[in-house]
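As structure tokens, the structure follows; a few thoughts come after it.
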Protein chains: 2
Amino acid sequence: MTEPFKKLTRASDAWMKLKGRLSPVRPRRVPLSRALGRVLAEDVAAPLDLPPFDRAAMDGYAVRAEDVEGASFSSPRVLKLVGSSEVGRSPGTTVSKGEAVRIDNGAPLPKGADAVVPLEYAREIGERLEVYRSVVRWENVSRKGEDVSRGELVLRRGKVLRPWDIALLRALGLEEVEIRAPRATVLSTGTELQETLGDALAKPGSIVDTNRPMLARLLEACGCDVVKTEIVRDTDTTTVLRKLEEALELADLVVVTGGCSVGRKDYVAKALNKLGDMVFHGVAIRPGMPTAAAFVGKSLVVGLPGSPVAAFVSYKLFVETSLSVLTGARDPRPGPLEANLAEKVDSTPGFMDLVRAVYSEGVVRPVRRRGATLLSSLSKSHGVIAVPEDYEGLRKGTRVRLYLHWQSWLDVLEGEVP
Amino acid sequence: MTEPFKKLTRASDAWMKLKGRLSPVRPRRVPLSRALGRVLAEDVAAPLDLPPFDRAAMDGYAVRAEDVEGASFSSPRVLKLVGSSEVGRSPGTTVSKGEAVRIDNGAPLPKGADAVVPLEYAREIGERLEVYRSVVRWENVSRKGEDVSRGELVLRRGKVLRPWDIALLRALGLEEVEIRAPRATVLSTGTELQETLGDALAKPGSIVDTNRPMLARLLEACGCDVVKTEIVRDTDTTTVLRKLEEALELADLVVVTGGCSVGRKDYVAKALNKLGDMVFHGVAIRPGMPTAAAFVGKSLVVGLPGSPVAAFVSYKLFVETSLSVLTGARDPRPGPLEANLAEKVDSTPGFMDLVRAVYSEGVVRPVRRRGATLLSSLSKSHGVIAVPEDYEGLRKGTRVRLYLHWQSWLDVLEGEVP
């Protein structure tokens, strides 16, 4: 392939330039039902105690600890049984000096009681209860506020909200929460693109647009609200410019594929040069070279290659990484798989090569397919090996990191090599 | 805490017993729109070629390679320009001997042509084209079927379908796909459980049911269809039995929380003993001891503890692991984080302790909270350290594995310690 770009930016330099200009998007309040998988934008303090009342932590008898001090099998204490406390009901009684109440695990502790004697250490004899063991204050009691005390910080900003976090927010009665979810739009440019195979077969020279649905789902999985996706038939710079402007009215982030090289008909690159402030254009990666990033006001536009695999690689390196800043996410993530190469890998000096590879039985094997157009090479591989710019390849047996397609690739840009 | 179970099963033994009896659920055909994140149940062969036609891989001129053999700047070949081929259109012309056609990157290669001369190696002079470089056959052409040939196996059963897989299936015109998605129901038992905090506050002694929504979302994230969730007010064995039978009519997998210990009011355990074939009941884990698994016909019922964290831990160890068999998923997964312990961890000999811990700046720090009821300890931690049965604890500085809450814990049961 000839080299259309006069100058290419190294991947890590492109990322550092971009990262330096990113800032978190404005937070929004959403109902809890829309918060799963989104990034929390506020610190959440508990408006109430959890558990909301003192509860028995086992089946037994609610007592006053001082009444059973010194109790043993040889020297039982005798209390008066004055009622029972069941799960899901108000106890309806109190425990005064010398009294006990039958209680179920999870039931509210009656007023006056301060401990629970386990079932097997007591015996009912009519209205009387013989207790064979002492308990310390609050023994076998799950205290009010033991899980969460009112006012306590329970969730911190930057957290990706998982099912257990949503469950906690529900228990606290919080119906809304502040999140950072970038509004994103996806534009696929190309006069050859059709929605479905049926449409593509009806028009010779057409193909199905796979980038748009793929990128929309990827953006959603990273906590974005995808507000619009569209096929843009890019016949001139003005058309593309207008479509970009429309998208920018809706979105914090515009992802556009195709038309991003430096040819006569690369209208996206031309439009971005007119419209915004270009951060980089042309990156020394394979696949993915014709990638551009620009700011238009506070909004980020990333131009990706039109070929699906190149679009995917550039998305992982420059869009998904940006999302961690835009959302303010601060979660630890597992590292890549590490294994030895089952065969050698060739690469292009001066370029970072993202080599699709399969993990199997403890080794990593590159997928032998050329070209960036090959969508199937993603489905046939588990992840990529990043071969740095100053390597001519990697020898068989080299210990490598395999970055899975669905995990973060941030360390490809910020981590160690390879 | 006293020990209600006469005999506890070791975690890894419980898992091996369970695993030995699991088999994949029956596959179903679903539209592509419902296939994301599900496990493919069939091998998919391509019904057509991708790309569907020969395409130019760069801007230039479509030629017959033999016509430009030996061409150079000092000795150009001269061809007759007979038309152009644009992206998204049928070429409408053919290339005969001595002819060339102007062509855009991505446009269909006209009949007769077998290579593309890059733009910068040719010059138009009226109707004539001077060519300054030779090309080999199919040079700068993206061949029909180069990505996927008709009949080729593109996706294998066991694959978790990701956005790029769905994109590929779309490009191939496949509108339905066979998946394995277990039908799951979630029952929360407890007379104290309410849907919302409002309901709970209105009824003294009540609490919000957090298990049901938490488990439903977790099951969905693992590729299940959650067909029903319900609060069951467990006042006797018959009520629970009837609810379990109702659930089993709908589901391959029933997850039920609470009532799973061996007390008088543990109706779930009693019902499971009547209804099905118990695989294990009572596991030597903390939290999570009152866990049970039973088969009723071919359906699996897992009884989890009622306390949210214990329910979560048992879910991760025995339900989520089972799902990999029920769905037939065969994807590689990244391992846990590895780091040194920032402080010592105590544990109970004879039990596998699942200690919630935070990862921060290269070290792992346990969350100092007692008890299994503490839902907030999940939100305040990133994952768990598994301290095996024969340890009394782990010293400060020990290298440990932190299994993140959202990743697979299978290696806790099948992997190395700790």
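The values are calculated or read from the model by the stated rules, or taken from the named source; none is laboratory data. None of the values given here were measured: they were computed from a predicted structure. Virtual Cβ from ideal backbone geometry, glycine too; neighbours counted across all protein chains shown. These area figures cover heavy atoms from the full protein model, side chains too; ligands, DNA and RNA do not enter into them. Shrake-Rupley method; radii C 1.70, N 1.55, O 1.52, S 1.80 Å.
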Which residue pairs have Cβ atoms closer than 6 Å, lie 6 or more positions apart in sequence or on different chains, and pair a first residue in the stretch B:103-123 that is open to solvent by 20 Å² or more (accessible area, probe 1.4 Å) with a second residue that is among the aromatic types (Phe, Trp, Tyr) and outside any helix (DSSP H, G or I)? B:Tyr121/B:Tyr132
May I ask you to verify whether A:Val25 is more than 26 Å from the chain's Cα centre (by Cα) and β-branched (Val, Ile, Thr)? no
Run down A:Ser23, A:Ser74 and say which single residue is of a type in the set (Ser, Thr, Tyr), more than 30 Å from B:Gly258 (Cβ to Cβ) and without any contact (Cβ under 8 Å) to a residue 60 or more places away in the chain. A:Ser74
Name every residue in the stretch B:182-211 that is more than 7 Å from chain A (Cβ to nearest Cβ), in a helix (DSSP H, G or I) and buried (at least 19 other Cβ atoms within 10 Å of the Cβ), in order of residue number. B:Ala200, B:Asn211
Only one of A:Ser75, A:Ser12 is among the small types (Gly, Ala, Ser), under 30 Å from A:Lys265 (Cα atoms) and either outside any loop (DSSP other than H, G, I, E, B) or open to solvent by 30 Å² or more (accessible area, probe 1.4 Å) (or both); which? A:Ser12
Can you confirm whether the stretch B:143-153 contains a residue that is at the interface with chain A (Cβ under 9 Å from one of its Cβ atoms), touching a strand residue (DSSP E or B) at 6+ places or on another chain (Cβ under 6 Å), on the phi < 0 side of the Ramachandran plot and open to solvent by less than 50 Å² (accessible area, probe 1.4 Å)? yes
Do you know which of the residues in the stretch A:259-305 that are open to solvent by 10 Å² or more (accessible area, probe 1.4 Å) and among the small types (Gly, Ala, Ser) is farthest from A:Val319 (Cα to Cα)? A:Gly263
On the basis of being away from every other protein chain (no Cβ under 13 Å), among the charged types (D, E, K, R), open to solvent by less than 30 Å² (accessible area, probe 1.4 Å) and out of contact with any Asp or Glu (no Cβ under 9 Å at 6 or more places or on another chain), does A:Asp236 make the cut? no
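Evaluate the stretch A:327-344: report whether one residue or more is more than 26 Å from the chain's Cα centre (by Cα) and at positive phi.
no
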Residue pairs within 7 Å by beta carbon, gap of at least six or interchain, first lying in the stretch B:80-92 and facing chain A (nearest Cβ under 7 Å) and aromatic (Phe, Trp, Tyr), second surrounded by fewer than 19 Cβ atoms within 10 Å (Cβ to Cβ) and assigned to a strand (DSSP E or B), listed first then second, are none
Is it the case, given these coordinates, that B:Ile179 is facing chain A (nearest Cβ under 8 Å) and either under 22 Å from the mean Cα position of the chain (by Cα) or part of a strand (DSSP E or B) (or both)? no
Assess whether A:Leu402 counts as being closer than 17 Å to A:Gly415 by Cα, modelled with pLDDT of 95 or more, of a type in the set (A, V, I, L, M, F, W, C) and in contact with a strand residue (DSSP E or B) (Cβ under 6 Å, 6 or more places away or on another chain). yes
Is it the case that B:Ser360 is without any contact (Cβ under 8 Å) to a residue 12 or more places away in the chain, of a type outside the set (Asp, Glu), within 14 Å of another protein chain (Cβ to nearest Cβ) and in contact with a His (Cβ under 9 Å, 6 or more places away or on another chain)? yes
Tally, over the stretch A:231-268, of residues that are part of a helix (DSSP H, G or I) and without any contact (Cβ under 8 Å) to a residue 40 or more places away in the chain: 8
Among (1) out of contact with any helix residue (DSSP H, G or I) (no Cβ under 7 Å at 6 or more places or on another chain); (2) in a loop (DSSP other than H, G, I, E, B); (3) open to solvent by 10 Å² or more (accessible area, probe 1.4 Å), A:Ser134 falls short only on (1)
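Let's see how each residue does on (1) outside any loop (DSSP other than H, G, I, E, B); (2) charged (D, E, K, R); (3) surrounded by fewer than 16 Cβ atoms within 10 Å (Cβ to Cβ):
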{"residue": "A:Asp331", "(1), (2), (3)": "no, yes, yes"}
{"residue": "A:Gly335", "(1), (2), (3)": "no, no, no"}
{"residue": "A:Glu343", "(1), (2), (3)": "no, yes, yes"}
{"residue": "A:Pro349", "(1), (2), (3)": "no, no, yes"}
{"residue": "A:Val355", "(1), (2), (3)": "yes, no, no"}
{"residue": "A:Tyr359", "(1), (2), (3)": "yes, no, no"}
{"residue": "A:Arg365", "(1), (2), (3)": "yes, yes, no"}
{"residue": "A:Leu374", "(1), (2), (3)": "no, no, no"}
{"residue": "A:Ser377", "(1), (2), (3)": "yes, no, no"}
Residue list for the stretch A:1-49, restricted to those being of a type in the set (Asp, Glu), in contact with a Lys or Arg (Cβ under 8 Å, 6 or more places away or on another chain) and modelled with pLDDT of 95 or more: A:Glu42, A:Asp43
